Structure formats: C-alpha cells, structure tokens
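Worksheet: the structure to be examined is printed underneath.
The values are calculated or read from the model by the stated rules, or taken from the named source; none is laboratory data. None of the values given here were measured: they were computed from a predicted structure. Cβ placement follows ideal geometry from the backbone for every residue including glycine, while neighbour counts extend to all protein chains displayed. Side chains are part of the model used for accessible areas, which takes the heavy atoms of the whole protein and leaves out ligands, DNA and RNA. Shrake-Rupley method; radii C 1.70, N 1.55, O 1.52, S 1.80 Å.
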Amino acid sequence: WAPDDGAGEMTLASKSVGYEGGSGLFVPDYMLRRYPLATAANAYRFLPEYQALLPKAFSTPCEWLLLDKGKGCVAGNYICDKHTWTNTSCTDGRYVPPQCVGNADCQEIYLADPTWDKGRFEAVVKNVGLNFTIAYVGYSGMSQLVKDYSATQKPFMFYWWRPDPLPASVTAREVVFPPNNLECEAGHKAVGADPTLSPYDCGYPTALLAKLARRDVLKQDTDLTFFFDSFQFTSSSVSGMLAQHTAAGGPDSVYNVSCGWLKDNFAVWK
C-alpha cells in the first residue's frame, strides 16, 4: 500500500520484476554431495541415514536461544517462550511436535523467530511427520550459525527466504514439500495459525517480486515508463548479484554489485 498522492491515485506503481521469492527450509549444497536426497522431506522420514544426519534434538546450546544472554537459560528469556501461540508452548526455547515428545531419535532444525510465517513451518513439521524439534536462534544468531556450521561443513537445516544473501552464502537448496494449495492455506488461517491445531502440510506459497516506481515520475518520462513496463530480472541475474555481496561472502557492496551488473549488461537494459 502507498499513501494517496492527493489526486486520487496511489503514489507508487507496482509490477512484477520477473523473479519469484518465498520462504522455506534450506540445506547447504555441500550436504548434497554426500546426501543427494537432502532436499527431499520424505528422506528424513523413511531413510535411516537421513534420520541421523542433522544435530540431535535439544543438542543446541541454550545460550544460542536467549533474548538476553546476561539473564541466562531461564523461563521467560527464550526467543520462543510459553506465550507464543494460543494452544502451543515452547519447551526450553524450542517447538517440540507431538512425535518428538520423549523421542530420543528426533533431530534439530533452526528458525530465527516463532512469529515469522505464523506457525507454518512448525505445522508442516508436525503434519508431514518429520522427527524435528525447532530451535529458535534469532536473526543475528542465524547468520552466525550458518557461518559456523558451514565452515566445518556440518549438516544442518534452517529457515530463511529467497532471494537473500544468507542462503546464497552457502548456495542453499530448498527442501521440497507438497505443493501449496488453497485448502492448505485456508485450513491454517482458520485456526489462527496455531501449529497444534493447524492442518498445514504444504510448501510455502511463492510470489513474484515487485518493481516500484512513482506514478508522477512515470508520467513525465515516456522512456522511463517503457523501461519500467518492459524490464525484468532473471533468476540467474539475481542469484549472481547476491553471491557477490559481502553478506554472502562476496567482495562487494550493494552499490558495487549494482554498478557491476549495469556495466556487464548494457545490451539488456538499453
């Protein structure tokens, strides 16, 4: 939404930029060299080598899961605590699905915050039947965890979104779940996104990323309007630029990445 420009029009025009984005669970690509089915959710249900691939449940140090490290590992100081959902509580900073209560064979995966994506991935873990507990490590904690684990090529699974430099930093691959559909979405929303009650068992919905421009500027420049209407980024262009950014381990800032793309793709934008 954009504020009204005083003439009965929105100030911003929006169109698809041609590249799809969304949230998901990811694994670094180095896992696929030894475990080629690491992006298949069902592999963690049925194949013994994948059922012991990730960190064991409750093995993540509690210090990684805290709001205030100075207060220590006490109730009320976890990123995920008891008041997160109406019918669902966290245990020691983790979401523990029913299949992992008292189950020593469960593994641990990582999310940043339980309020992100409103219980979707907690519900997916529960309803698909994955033996995963979910540890919440925060935004900055996730960046450090990805850096530390990938440095030793440790197998792990984490939640994030694309496009973003963090998955690009480990050339992450998205874990495949059943396709998103209207029934899956409607069932989740009907119960207030509480993972205990939610029937959600599908992948996250994807969306085309938008390009934005001020309407008054577009009206003044027909060439700019043509460029705005016609220009699109390819997924390979976006992925290539993300990999060059310092947040993904590359050498360049946003300015240098953008400038480099313009210099290398004159024929495209001309």
**OP:** Identify, by number, the condition in (1) open to solvent by 30 Å² or more (accessible area, probe 1.4 Å); (2) touching a helix residue (DSSP H, G or I) at 6+ places or on another chain (Cβ under 9 Å); (3) charged (D, E, K, R); (4) in contact (Cβ under 8 Å) with a residue 40 or more places away in the chain that Lys219 doesn't meet.
**Re:** (4)
Original post:
Out of (1) part of a loop (DSSP other than H, G, I, E, B); (2) more than 30 Å from Pro179 (Cα to Cα); (3) open to solvent by 40 Å² or more (accessible area, probe 1.4 Å), the odd one out for Thr86 is which?
Top reply: (2)
Subject >> Selection from segment 49-73 of residues that are more than 19 Å from Gln153 (Cβ to Cβ), modelled with pLDDT of 95 or more and acidic (Asp, Glu) >> reply: Glu63
Subject >> Answer from Leu218, Leu242 - the residue that is in a helix (DSSP H, G or I) and farther than 29 Å from Leu145 by Cβ >> reply: Leu218
Original post:
For the subset of segment 142-157 comprising residues that are in a helix (DSSP H, G or I) and under 14 Å from the mean Cα position of the chain (by Cα), which member is surrounded by the most Cβ atoms within 10 Å (Cβ to Cβ)?
Top reply: Val146
**OP:** Of all residues in segment 23-82, count the ones that are surrounded by 16 or more Cβ atoms within 10 Å (Cβ to Cβ), without any contact (Cβ under 8 Å) to a residue 40 or more places away in the chain and not in a loop (DSSP other than H, G, I, E, B).
**Re:** 3
Original post:
Only one of (1) open to solvent by 80 Å² or more (accessible area, probe 1.4 Å); (2) closer than 26 Å to Thr11 by Cα fails for Asp264. Which number is that?
Top reply: (2)
Original post:
Is it the case that segment 158-165 has a residue that's crowded, with 17+ Cβ neighbours inside 10 Å, among the basic types (Lys, Arg) and either touching a residue at least 12 places away in the same chain (Cβ under 8 Å) or farther than 19 Å from Leu25 by Cα (or both)?
Top reply: yes
